[in-house]
Amino acid sequence: MTRFAPTEGVLSWGRVIRETQDVARPLWREDLPGLLREDTAAGRSCLAIGARRSYGDSGLNGGQTVIDMTGLDRGIAFDPARRTMRAEAGMTFDALLPILLRSGHFLPVTPGTRFVTLGGAVANDVHGKNHHGAGTFGCWVRRLGLLRSDGVEWELTPDDPTGLFAATVGGLGLTGIITWVEFEVIPAGSALMDTETVPFDDLDGFFAIAAESEAGFDYTVAWVDCLATGASLGRGIFSRGRHAPTGTRLLADKTGPAVPFEFPELALNGLSVRAFNTLYNWRSRMKAGKAVVPALSFFYPLDALRHWNRIYGRRGMYQYQSVVPPSAAREATRAMLQTIAAAGQGSFLAVLKTFGDRVSPGLLSFPREGTTLALDFPNRGSDTLSLLDRLDAIVREAGGRLYPAKDGRLPPDLFRSGYPALGAFEHHVDPQFSSRFWRRMQAAA
Amino acid sequence: MRVIILGATSAIAEATARLYAKEGADLLLVARREDRLLAIRDDLLIRGAAKAEVAVRDLADPHGIEADFARFVAQIGGVDHIILAYGILGDQGPAERDPAQAEEILRINFNSAAAWTLAAAGALEKLGRGSLVVIGSVAGDRGRRANFIYGAAKAGLATLVEGLAHRFAGQGPRVVVVKPGPTITPMTESFNRKGALWATPEQVAAVVRRAADRGGPVLYAPWHWRFIMLIIRHLPTFIFNRMNI
């Protein structure tokens, strides 16, 4: 029997919000209806959560209940001939990768960490370095199971006439429990990547290389030096790659070191960020050119340092990710980089990428055509929040949107303006389901 | 590699089975619940098992154990490793007052497990090779008020395995008891799991998998429990009695 138990220390990846929640971790799908009935009887809201790699408050339900889905991690059916994999929602990309590679396949879309669950990938409609060609993960979902609090388990397909599929993909877990997912996999000859690294000197350089790379490279992404100003504003490193057709299909079977505890605040001051950015820039320039690299280090450089979020200390960090439409992309990106450089709160990592025009299937999917910028900021209280407010103003002005999975302080008005399908989405929210994020958005409505 | 797992739907057994699946082993999964066995079987096949079959059996039922074990071996065409991983924790308080409940804890965790252990050891002896890994518990190392009926059963099982290991010394077959510390499984769900000493089923499974290849006859999972239990076993009674463990 599975029960809810009050649990502290269930944090999102940003580690800013610390609240107690009642957590249950079932190991069998048959336990889920009972947990939902318990919540209904007690008048508490519920949220199914995965590997807690969302940074903000969309995967938290403080004072209420959460169902930790990571124990529901069984494969259900893999059909290499039809290129479909069906698995329980708690299975991680980390577990899926060796299985897929063995038969010469790969995940159709993967975010920058492989420690996410399938259910989380659907609920956040995640994207990756191949968005310009492949779209979001949701574009590859063929079927999924959704258990609602009324006890009905739906089997939803992309052509679902009720709209529940479109609400569930990118729906932040608010439409019910995603119990299993069937998705299409792509062919990949090896666990290696043919890659090229190209430095660029400014923002125009980025847009030029991005435009030139997208036809010939399945995967593209750029890292930007947030502290560069003036003529160097927006300088950085462009990385592009494709699956190597031949080579080993085995993934390097080792996990890297872990950050053992939360670092003290002073570990990450402006000076150390500057040193890190300069070093990263220099190191990448040294290695500019072509290389064959393991898929794990190409897609998941940060996974090599487990619990890397702890370096931001007790107060945690904010990740901030925006997308602005193509017409406003250059101006808005420039303005954001200027604002960040002027604030001197240098982002540890700034990732820049152009999204393609493949339409995301979810009503609340974040990716849309345009340019996306992702930034990390250590939480320094009001200084950080006011910087994020200034960035919000630029995104708002450009007609852009923010990623709910990221910052945990997304202003409700920017959420509404960024997601015009919000009204249609609200009809599909399960009355028993909620999250800290959702209550914050509703409170302002 | 052919592996029989008795009690295959337990969390530790499932984590162990995944390690074997990754190696491309042939697996036979035995437990009571067919639906759960089939879910685990499908998963293991996806994770790389060359073969995964199920056998539905109430392992606590003492009738026909030897014949059924022979049937399991025949079902996957021989055996290399056997994992015995079923058991119940029971409810210590009521069991102290109700002999029927105490008897059930002893019957499942000791009587039936001992019978399967003897049947499996007999099969390995005939083969002249192979490994049997039995899941015990640190609770069997020293009787504590919290769970001494369960602990007594696991102590008996560990003694049985040690005796078999002694008998097989210098011969082909290996018999090992792995004693996990507190592990995050459905069995311990009612516990307050605060503290750093809780292990995951995956951590215990890694020890079980290694135990099938080398070491023993008594192994702890994770390894630090060997030293913790060494201390606890040797605490003088006047100190032990004042501890709330």
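List of remarks:
- Within the listed set A:Phe261, A:Phe425, A:Phe298, the Gaussian network model of chain A (springs between alpha-carbon atoms below 10 Å) gives the highest mean-square fluctuation for A:Phe261.
- Within the shell defined by Cβ-Cβ distances under 14 Å, the residues around A:Arg82 carry a net charge of +1, with Lys and Arg each +1 and Asp and Glu each -1.
- Candidate lysines for bridging to B:Lys51, where Cα separation is under 23 Å - those fewer than 8 sequence places away on the same chain excluded: B:Lys22
- Spin-label zone in the stretch B:45-73 - amide nitrogen under 13 Å from a point set 7 Å from the Cα of B:Glu34 along the C-beta vector: B:54-58
- Under a model in which nothing but the beta-carbon of Lys, Arg (+1) and Asp, Glu (-1) is charged, the stretch B:2-240 shows a dipole of about 760 debye around its Cα centre.
- Counted charge near B:Ser137, where neighbours are those whose Cβ lies closer than 12 Å (Asp, Glu -1; Lys, Arg +1): +3
- In the B-A interface, the accessible area buried, summed over both sides, Å² (probe 1.4 Å): 1500 Å²
- Within-14-Å neighbourhood charge of A:Met441 [Cβ basis; K, R +1; D, E -1]: +2
- The stretch between B:Asp91 and B:Glu162 holds 22.8 nm of extra length on full extension. This uses 0.36 nm per residue minus the Cα-Cα distance.
- For the stretch A:214-231, putting each phi into the Karplus relation 6.51 cos²θ - 1.76 cosθ + 1.60 with θ = phi - 60° gives couplings of 5, 6, x, 10, 5, 10, 9, 6, 9, 10, 10, 7, 6, 9, 6, 10, x, 5 Hz, in residue order, rounded to whole numbers and with x for Gly and Pro.
- Length gained when the stretch B:Gln171-B:Met1 is fully extended (0.36 nm per residue, less Cα-Cα span): 59.2 nm
- Average accessible surface area per residue within the stretch B:2-240, 1.4 Å rolling probe, Å²: 43 Å²
- Take the Cα of A:Ala41, go 7 Å toward its beta carbon, and the backbone nitrogen atoms of the stretch B:180-199 under 20 Å from that spot belong to B:189-191.
- For the stretch A:336-445: rounded, prolate or oblate by the Cα gyration tensor [a/c cutoff 1.5]: oblate
- Taking the Kirkwood radius as Rh and the Cα radius of gyration as Rg, the stretch B:2-240 has a ratio of Rg/Rh equal to 0.95.
- Kirkwood-type radius of the protein assembly as shown, with distances r between different C-alpha atoms, in Å: 27.2 Å
- Gap separating the Cα centres of the stretch B:19-65 and the stretch A:1-61, nearest whole Å: 30 Å
- Under 24 Å from the Cα of A:Lys129 - lysines, other chains or at least 8 residues apart: A:Lys254, A:Lys287, A:Lys290, A:Lys353, A:Lys406
- Over the stretch A:78-155, Cα pairs under 8 Å with separation of 6+ residues give a relative contact order of 23 percent.
- For chain A, built as a Gaussian network whose Cα springs stay under 10 Å, the top-fluctuating residue of A:Thr197, A:Thr40, A:Thr162: A:Thr162
- With R₀ fixed at 35 Å, the C-beta to C-beta distance from B:Thr200 to B:Asp61 puts the FRET efficiency at about 0.70.
- Percentage relative contact order, chain A, counting C-alpha pairs under 8 Å, at least six apart: 19 percent
- Accessible surface of the stretch B:89-245, 1.4 Å probe, proportion on carbon and sulfur as whole %: 58 percent
The values are calculated or read from the model by the stated rules, or taken from the named source; none is laboratory data. These numbers come from a predicted model, not from an experiment. Note: ideal-geometry Cβ built from the backbone for every residue, glycine included; neighbour counts use all protein chains shown. What goes into the accessible areas is simple: the full protein's heavy atoms, side chains included, and nothing from ligands, DNA or RNA. Shrake-Rupley method; radii C 1.70, N 1.55, O 1.52, S 1.80 Å.
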